[in-house]
Amino acid sequence: MHALAELHERVARAARRLARKHELRCARGCHACCIDGLTVFEIEAELIRRHHRDLLEQGEPHPVGACAFLAEDGSCRIYEHRPYVCRTQGLPLRWLEELEDGELVELRDICPLNDRGQPLEGLPAGDCWTIGPVEGKLAKLQLIFGQGKMNRVALRELFARKGKAAT
């Protein structure tokens, strides 16, 4: 768990640097990206279990349709221990995809709430969060923790009471 906490802290520092650089609008209560159905590696689920036992055993998940950990005021109930995917939301993202012909192309995206200023295509690569390297490190930690298994867990499934379906 210590290695995961260190990885999360490195991600948080880099994400804060990028957020300041781009003057992102993400702040407490902004939850447009807090969608339902997210899954995390078992190692991140275990970190949440260890630090939020009471919430998971006695609390109710947010209603279906948004992240189970979203509070009524739009804040995150596990913010300090939120998964990797949540730590990079809102940032300008870049990644490589391989086309059918084998050519690699770079793709980019950003939260529409933060899509202002210089166009994404014009940003230097270092001014974007590159998807891939941290995911690889997280996968290695999962392999060690999961004894070779790459199990994923739905965030909503961490709650003892799964919550009621949206009506």
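Each reported figure results from applying straightforward, stated rules to the coordinates on display, with no laboratory input. Bear in mind the structure is a predicted one, so any value in this text is a computation, not a measurement. No Cβ is skipped: glycine too gets one built from the backbone with ideal geometry, and neighbour counts run over all protein chains shown.
At a glance:
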| quantity | calculated |
| --- | --- |
| Net lengthening on full extension, Glu135/Glu106 (0.36 nm per residue, minus Cα-Cα) | 8.7 nm |
| Diffusion constant of the stretch 2-158 at 25 °C, which comes from Stokes-Einstein with the Kirkwood Cα-pair radius and 0.890 mPa s, µm²/s | 145 |
| In order through the stretch 119-132: 3J(HN,Hα) via Karplus (6.51 cos²θ - 1.76 cosθ + 1.60), integer Hz, x for Gly, Pro | x, 3, 4, x, 6, x, 3, x, 8, 10, 7, 8, 7, x |
| Within the chain, helix-based [θ] at 222 nm, where runs of 4 or more DSSP H residues each add -39,500 (n - 2.57), nearest 500 | -9500 deg cm²/dmol |
| Sequence-distant residues sharing a close amide H with Trp129 (under 5 Å, placed H) | Leu93, Arg94 |
| Cα convex hull of the stretch 11-68, projected area averaged across orientations, nm² | 5.2 |
| Cα pair distances in the stretch 66-167, grouped into 5 Å bins until the bin that holds the longest one, percent each | 2, 9, 14, 16, 17, 17, 14, 7, 4, 0 |
| Antiparallel bridges, percent of DSSP beta bridges restricted to the chain (to nearest 5) | 85 |
| Separation in nanometres of the label points that stand 7 Å from Cα toward Cβ, at Arg116 and Thr39 | 3.7 |
| Sequence-separation-based contact order of the chain, relative, with Cα cut under 8 Å and 6+ spacing, percent | 36 |
| Length gained when the stretch Ala154-Ala125 is fully extended (0.36 nm per residue, less Cα-Cα span) | 7.3 nm |
| Rounded to whole Hz, the Karplus (6.51, -1.76, 1.60) HN-Hα couplings of the stretch 81-95, x for glycine and proline | 10, 5, x, 3, 4, 6, 6, 10, 5, x, 6, x, 9, 9, 7 |
| Contour excess over end-to-end distance, with Cα ends at Arg28 and Arg53 and 0.36 nm allotted per residue | 6.7 nm |
